[in-house]
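Below you'll find the structure, written out as structure tokens, and then a few comments.
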Amino acid sequence: MGSIGDIYKIVQTAFNQTQAIEVQAFIFDLQTKINELQAQTSDLKEQNLNAKSDLQEKIFQYQQQIVELQKIIDQQKREIADALDWKKTKSEYNFDDRLGIWIHKTTSKPFCPKCFDRKAETPLRGSNHNGIYYCPVCNLGF
């Protein structure tokens, strides 16, 4: 049998080999975990791409809805502006209940009530001498 120094060297060598095996096992475990994490990362990237694609599709749909809503808003603004314009125009007339026609306040010209209801200012033709007016658009007599 050898000296204590020789035994120490043998024990040290065995211990170093055990440690080396343990370190190799640890490295193998770490490599396995790294591979698992890389696979998870790849899965997450794919999920992220899918989620991004889904979000982009939703954004596109919302943008389309915004465009459609803007068209509706613009149309409603035009309708409101038209209604206000017509209200102003209509305020320039009086309705003659006796004749059933609209009369312009400043010019005293008669206008067709049927056309006027359709927001059209159609002057009546004819004379006040015989009391007969007619509309050149809808051919009604008054």
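Rounded to the nearest 20 Debye, what is the dipole magnitude of the chain about its Cα centre when Lys and Arg each give +1 and Asp and Glu each give -1 at the C-beta?
Numbers: 18 positive and 18 negative charges, 287 e Å.
Approximately 1380 debye in magnitude.
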Q. Which of the listed residues, Phe28, Thr41, Ala120, is farthest toward the dipole's positive end in the chain, when Lys, Arg count +1 and Asp, Glu count -1 at the beta-carbon?
A. Ala120
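Rounded to the nearest 500, what is the 222 nm mean residue ellipticity of the chain from helices alone, with -39500 (n - 2.57) per DSSP H run of 4+ residues and division by all residues?
Values: 2 runs with 92 residues, N = 142.
So the helix-based figure for the chain works out to -24000 deg cm²/dmol.
In square nanometres, what is the average projected area of the Cα convex hull of the chain? Let's see the in-between values first.
Values: hull surface 71.0 nm².
Mean projected area of the Cα convex hull: 17.8 nm².
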Q: Could you state the orientation-averaged shadow area of the convex hull built on the Cα atoms of segment 93-142, in nm² to one decimal?
A: 3.2 nm²
Q: For each pair in Lys87/Lys114; Lys87/Lys109; Lys77/Lys114; Lys88/Lys109, compute the distance between the two Cα atoms and list the pairs where it is over 23 Å.
A: Lys77/Lys114
Q) Hey, what angle do you get for helix 4-90 against the long axis of the chain, alpha-carbon based, 0 to 90 degrees rounded to 10? A) 0 degrees
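Semi-axes of segment 17-56's equivalent ellipsoid from the Cα gyration tensor, sqrt of 5 times each eigenvalue, largest first, rounded to whole Å?
For segment 17-56, the semi-axes come out at 38, 4, 4 Å.
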Q.
I want to verify a result. In a Gaussian network model of the chain, Cα cutoff 10 Å, which of these has the top mean-square fluctuation: Ile21, Ile132, Ile80?
A. Ile21
Q: Pick out, in residue order, every one of the trypsin sites (Lys or Arg not before Pro) in segment 93-142 that is DSSP loop and has at most 13 other C-beta atoms within 10 Å; say none if there are none.
A: Arg98, Lys105, Arg118, Lys119
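Every read-out reported here was derived from the displayed coordinates using simple, explicitly stated rules and does not represent laboratory data. These numbers were taken from a predicted model, which means no experiment stands behind them. All Cβ positions, glycine included, derive from the backbone under ideal geometry; neighbour counts span all protein chains shown.
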